[in-house]
Amino acid sequence: ARYFDTKTTEPISFFLSGLEELLAWQPNSNDEFNVSAVPLAKRQPPLLSRRPRTLVCHDMRGGYLEDRFIQGSATRNPYVFYHWRYIDIFVYFSHHTVTIPPVVWTNAAHRNSVPVLGTFITEWTDGEKLCEAFLAGGEEAYGAVAEQLARIAQHYRFDGWLVNIENTLSAAAVGNLPLFLRDLTARVHSVVPGGLVIWYDSVLKSGTLKWQNELNDENRMFFDACDGLFTNYNWKEEQLERTQRLAGPRQNDVYVGVDVFARGDVIGGGFDTDKSLRLIRQYGLSAAIFAPGWVYEHLGKENFLQNENRFWGSLAEYLPTHSICTLPLTTSFSLGMGNSTFLDGKDEESGPWYDLSAQDIQPLYPEHQGTLNTSCCLQDAWCGGSSLQLQGTIPPGEERMAVRLFSLQMPAPPKLFLTLLYKLEGPQPDDFTVALEVTTSDSGICFEGNPTSLPEPNGRYYPRFLPAPPPGLAKLLAACHRGSHGWTSRCYELELQDCSLRDLSVIVSRQQPSLQETSFTCLLGEVRVLDTASVAASPPQVHSVTASQLWWQ
């Protein structure tokens with residue numbers, strides 16, 4: 001029953017309750033479904049760069065809802081998160097002792113360069129007993145718990161733990177707590193590349209349970225023993241000031257808590273969350289956004305995607321984004337949900353589905369008040385469940401609008417292939433053209449193609465349109481001429497020398513100059529950026545394939 005749903009027999013994600021279950025845990029052939037299949041994608045700048053970070057703590061109705069179905073479910077209007085470019089760490093939270101993040105979340109986050117933490121929590125009188133058993137017992141007892149937690153993260157391939165001790169501790173237990181945190185942090189670092197352990201602001205060095213809403217001498221010993229502190233939510237500005245002073249060079253390791261439900265005495269939650277973030281960033285501190293599922297739970301699931309874009313759009317100026325730094329980059333913008341399943345622009349199967357493991361690499365969601373809106377369209381897609389909808393207005397006298405989809409940070413290979421699938425909607429789709437633009441960051445030394453061409457002063461390059469794919473790549477780049485069901489397909493080539501890629505944008509231009517403003521709606525179905533050299537190389541042969549856990553129907 002732990003590994004499979006008793007009603008449907010489908011594999012499910014699970015948690016562990018109590019110390020006995022944790023200490024008894026062993027890897028098991030039934031739980032291979034729960035091992036993340038997506039390695040954590042690299043990003044720039046790296047997570048531990050010196051800049052404020054953003055942590056999201058997902059807490060929704062006790063957790064393990066429809067997201068527990070590892071192979072998806074037919075859920076209508078589910079909760080999804082897709083603003084991955086704007087956040088740095090994702091924590092899956094529940095009130096079970098050991099919250100192992102459902103693997104669908106780890107897969108979606110990793111594909112978008114975001115590490116995922118589980119939660120180890122003790123609370124109330126049961127928590128006191130549990131802590132007494134493993135913390136007051138000395139090195140052997142707490143070492144066994146630290147080892148199991150590290151092994152679990154390593155086995156399921158998520159990235160570490162949020163530790164939340166929300167109960168009073170005896171003198172013996174609190175004396176061993178920093179030693180336990182050091183031990184856990186060291187073990188996680190040694191078996192999980194880039195692993196993290198973050199401490200929640202709860203117990204004090206005296207063993208009293210008293211939330212501080214800041215870093216101070218009462219809780220600093222726990223901060224010193226791990227990778228970060230997640231503060232409680234009821235802080236005031238002077239506490240941010242004191243926290244910044246005390247944290248010194250580790251100010252980015254303090255994640256100041258912001259409860260989106262705005263419980264208690266807080267600066268701002270809901271659509272005023274930006275007020276809290278503005279203050280936190282003034283002091284150079286990181287932020288921990290707790291329960292952003294408020295958008296879904298409080299405002300309802302009907303207009304969820306619209307409200308979600310509004311919520312994250314209101315915070316965007318306080319959220320440093322991270323860039324993609326590896327190729328190939330390929331995405332159909334799928335959210336990991338839909339009301340239909342599309343393939344090659346055709347609605348293959350009607351009916352709701354939800355599977356975050358099938359979520360694609362997500363773009364930036366740029367908003368410019370009144371002139372551009374970027375959103376998800378579930379009514380039409382090239383592949384998966386959704387496409388990316390750009391609605392914009394080109395002002396009078398201007399010819400074009402650039403929409404930045406991805407920020408990139410990597411050396412450009414000598415030759416790139418790019419493909420684009422799009423659909424123009426609205427009264428006069430023929431009034432517009434759509435193309436891709438690549439910008440580079442070191443325009444002084446960077447050249448396009450042959451050495452006789454001059455550097456672009458602003459680093460903007462328009463890849464050369466290819467009417468047909470080059471020989472040898474016809475199969476892979478079938479997209480060059482396979483537009484169908486109203487989708488237009490384009491194939492491009494770009495040769496660069498000594499360049500670093502910076503942005504990938506889509507450009508919507510008018511065919512005719514005009515003194516009126518013109519509005520457009522463009523759906524993007526797929527974008528690919530490929531390094532020609534690796535595309536042309538033959539893929540490695542696969543050997544010794546085995547299959548297990550088969551269910552014949």
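Worth pointing out:
- Of all DSSP bridge pairs formed entirely within the chain, close to 70 percent run antiparallel.
- Expressed as a whole percent, the accessible surface of the chain that belongs to carbon and sulfur atoms is 51, based on a 1.4 Å probe.
- Relative protection proxy for 531-542, 181-192, 223-234, from highest mean packing down: 223-234, 181-192, 531-542 (other beta-carbon atoms within 10 angstrom).
- Under 27 Å of direct C-alpha separation, and excluding same-chain neighbours fewer than eight residues apart, Lys205 reaches these lysines: Lys129, Lys236.
- Per residue solvent-accessible surface (Å²) - the stretch 344-431, probe of 1.4 Å: 41
- Förster-model FRET efficiency, 35 Å R0, Thr488 and Ser544, C-beta, rounded to 0.05: 0.25
- Residue-normalised accessible area of the stretch 21-130, expressed per residue, 1.4 Å probe, Å²: 35
- Cα centroid separation - the stretch 194-209 against the stretch 304-348, whole Å: 34
- Bridgeable aspartates and glutamates around Lys346 (alpha carbons under 13 Å apart, same-chain partners fewer than 8 residues away excluded): Asp380.
- The modelled label-to-label distance for the pair Asp431/Ala172, using points 7 Å beyond Cα in the direction of Cβ, is 7.9 nm.
- Neighbour net charge for His95 - beta-carbon separation under 14 angstrom, K R +1, D E -1: -3
- Each residue of the chain gets 176 Å³ once the volume of the Cα convex hull is shared out per residue.
- Counting Lys and Arg as +1 and Asp and Glu as -1 over every other residue whose Cβ lies under 15 Å from the Cβ of Leu523, the net charge comes to -3.
The values are calculated or read from the model by the stated rules, or taken from the named source; none is laboratory data. Just so it is clear, the model here is predicted, and its values are computed rather than measured. For neighbour counting, all protein chains shown are included, and Cβ atoms are generated from backbone atoms with ideal geometry for every residue, glycine included. When the accessible area is computed, the model is the full protein with side chains, heavy atoms only, and any ligands, DNA or RNA have been set aside. Shrake-Rupley method; radii C 1.70, N 1.55, O 1.52, S 1.80 Å.
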